[in-house]
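These notes are about the structure you will find just below.
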Amino acid sequence: MLAEIAQSLSETSGVPYWVCLVAVKTLIAAAVFLPAISVLAMLSIWAERKVAGHIQGRLGPTHVGPFGILQSLADGLKLLGKEDLVPAGADSFLFRLAPYLAFAPVLAAFLAIPFGPQFVFEAGLNVGLLYLLAILGVEVMGVILSGWASNSKWAIYGAMREACQMVSYEIPLGVAILCGVLVAGTLNLVELGYLQGGGIQTWLFFQNPFIFIAFFIYFIASLAASKRAPYDLPEGESELVAGFHTEYSGLRFSFFFFAEYAGMFVVGCIQAVLFLGAWNSPLGPADPVYVVLGYDPVRVGGEYLTGQYAGVTAWPDIASLMGLKGGALGLFILNLYGMTMVIGKALLVVFIHMWIRWTVPRIRIDQVMHGCVKGLLPISLAMLVGTAIWISLVQPAPDVRGAYAVTTTYVAHLTGEVGTLQIVTQWVLTIIGVGLFGFYALIIFGAMISRRSAPRKGMFEDVMPVGNEVAFTRGSGYENEEQRSLKQA
């Protein structure tokens with residue numbers, strides 16, 4: 001679609017095609033992705049405060065807007081009015097550059113994420129996963145630079161912690177992603193989405209026991225990549241004041257928070273696309289929306305992966321090849337439904353990040369390094385070797401010939417042309433995964449329905465004042481100073 005718009009502008013204005021294409025993409029990135037990231041970050045900050053409040057027996061934001069949802073907007077307006085300070089001993093240029101260097105890569109990462117079969121800015125990026133890993137690595141440089149340029153010992157400590165943490169945890173993070181790449185046979189994010197359309201049992205998360213464990217390795221490493229508890233040592237407000245952004249104020253301070261929460265969403269999107277079926281419904285072809293639209297994800301996925309959609313860019317033509325009802329409108333509805341799937345799965349990962357932050361305490365830096373070097377790293381390498389062995393012994397080779405001839409990706413999992421052991425493994429892992437999800441969903445549901453009947457929690461037996469209740473009453477075991485002295489005598 002973007003290519004057609006650029007071509008039309010080029011023919012109308014006489015400007016070279018590539019100039020029009022760059023201008024159109026830049027305009028869309030500025031007009032669509034930048035506001036979307038801003039809104040997403042504000043809502044995530046509000047959600048974090050609400051989740052923290054309910055976990056701690058509080059309500060969180062309540063007064064600014066319905067359910068306090070506009071609290072983040074009010075905080076943002078307040079930050080705009082604050083003075084932008086630069087410490088006297090700081091490197092002024094690098095100090096001002098760091099917040100933008102932390103935020104810009106997150107914006108660039110959104111351009112490669114497929115929110116639907118056609119809702120993707122760069123569909124032809126054949127190294128999409130490597131691109132996202134590289135972009136997230138640049139975001140880390142913004143954090144390190146901010147601490148170094150501040151010329152403050154607290155900020156430098158936070159920056160050094162980030163350097164140690166990320167250099168270590170990027171290795172198991174990348175190895176876990178390689179496990180998925182071995183199973184899928186592609187680095188293209190769109191192909192990864194089409195490959196997992198046969199139902200929940202075809203999601204890469206459930207392909208073999210080794211990638212099942214690699215999913216959790218990626219999740220743990222992603223906590224460190226997002227600077228989330230228990231790996232939030234670069235901030236460390238209890239011992240480093242605020243860590244790497246101690247000296248920042250006003251709008252520049254907000255950029256770091258926007259980058260953190262948008263980065264959490266990007267990490268969740270990568271996990272959703274690589275392991276959790278991307279835009280596909282867990283019901284596969286039996287999904288009611290797919291049935292109404294006449295969409296068969298197995299057939300369409302096989303055709304796309306074998307190059308039958310190559311060169312087709314017009315939405316009516318794509319809808320016709322897919323056999324969708326309603327033409328371009330049906331294709332738009334399909335992509336909109338897929339976008340809700342990707343966003344929903346990513347937000348589920350973000351919610352778990354928040355849950356862990358307000359449940360698990362921060363660990364020491366030596367424990368952080370020990371957990372990576374002696375824990376995640378050897379386990380991730382074992383999973384990589386196990387995945388390779390599984391592929392060679394159980395999973396079909398990438399040049400399998402069946403309903404769809406292909407030489408690059410593992411279409412056999414999508415079309416069902418796999419052995420009995422592979423099918424049994426997929427369904428067993430699916431049952432285990434769904435069971436784990438159901439267990440934690442029941443915990444959340446139980447906490448929600450019992451929150452009003454739960455007893456008031458406190459560290460002391462004395463009844464402390466709450467609202468317009470009694471001011472103060474002594475507990476039954478209270479003894480005044482005279483009684484305690486007589487007892488000691």
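The values are calculated or read from the model by the stated rules, or taken from the named source; none is laboratory data. Please read all numbers here as calculations on a predicted model, not as lab measurements. No Cβ is skipped: glycine too gets one built from the backbone with ideal geometry, and neighbour counts run over all protein chains shown.
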Boolean, Gly81 is at pLDDT below 85 and closer than 30 Å to Glu191 by Cα: no
On the given criteria, is Leu195 in contact with a Leu (Cβ under 8 Å, 6 or more places away or on another chain) and either surrounded by fewer than 21 Cβ atoms within 10 Å (Cβ to Cβ) or of a type outside the set (Lys, Arg) (or both)? yes
Which residues, counting only those in the range 107-134, are over 15 Å from Leu274 (Cβ atoms) and part of a helix (DSSP H, G or I)? Leu107, Ala108, Phe110, Ala134
Filter result for the condition that a residue is crowded, with 17+ Cβ neighbours inside 10 Å, among the acidic types (Asp, Glu) and closer than 30 Å to Gly174 by Cα, over Glu122, Glu48: Glu48
Residues of the range 81-106 being closer than 14 Å to Leu145 by Cα and either among the hydroxyl-bearing types (Ser, Thr, Tyr) or part of a loop (DSSP other than H, G, I, E, B) (or both), which ones? Ala90, Asp91, Ser92, Tyr100
Kindly provide the set of residues from the range 68-80 that are in a helix (DSSP H, G or I) and in contact with a Leu (Cβ under 9 Å, 6 or more places away or on another chain), ordered by number. Gly68, Ser72, Gly76, Leu79, Leu80
Going through the range 44-61 one residue at a time, which ones are within 17 Å of Met448 (Cβ to Cβ) and in a loop (DSSP other than H, G, I, E, B)? Gln56, Gly57, Arg58, Leu59, Gly60
Subset tally (residues that are assigned to a loop (DSSP other than H, G, I, E, B) and over 17 Å from Asn188 (Cβ atoms)) for the range 293-312: 3
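The rows are residues; the columns are (1) of a type in the set (A, V, I, L, M, F, W, C); (2) part of a loop (DSSP other than H, G, I, E, B); (3) within 30 Å of Ile69 (Cβ to Cβ).
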position: Ala6; (1), (2), (3): yes, no, no
position: Ser10; (1), (2), (3): no, no, no
position: Trp18; (1), (2), (3): yes, no, no
position: Ala30; (1), (2), (3): yes, no, yes
position: Phe33; (1), (2), (3): yes, no, yes
Restricting attention to the range 162-218, the residues that are polar (S, T, N, Q), in contact with a Ser or Thr (Cβ under 6 Å, 6 or more places away or on another chain) and more than 30 Å from Pro285 (Cβ to Cβ) number exactly 0
Mind telling me which of the residues Gly65, Gly53, Gly60, Gly116 ends up being farther than 22 Å from Arg228 by Cβ, small (Gly, Ala, Ser) and modelled with pLDDT under 90? Gly65
In the range 304-318, the residues that are closer than 26 Å to Ile5 by Cβ and touching a residue at least 12 places away in the same chain (Cβ under 8 Å): Tyr304, Gln308, Tyr309, Thr313, Ala314, Trp315, Pro316, Ile318
Boolean, Ala225 is surrounded by 21 or more Cβ atoms within 10 Å (Cβ to Cβ) and farther than 30 Å from Val300 by Cα: yes
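For (1) among the charged types (D, E, K, R); (2) over 19 Å from Gln196 (Cβ atoms); (3) without any contact (Cβ under 8 Å) to a residue 24 or more places away in the chain, each residue gets a yes or a no:
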| position | (1), (2), (3) |
| --- | --- |
| Val292 | no, yes, no |
| Val300 | no, no, no |
| Ser320 | no, yes, yes |
| Leu324 | no, yes, no |
| Asn335 | no, no, no |
| Ala346 | no, no, no |
| His353 | no, yes, no |
| Gly375 | no, yes, yes |
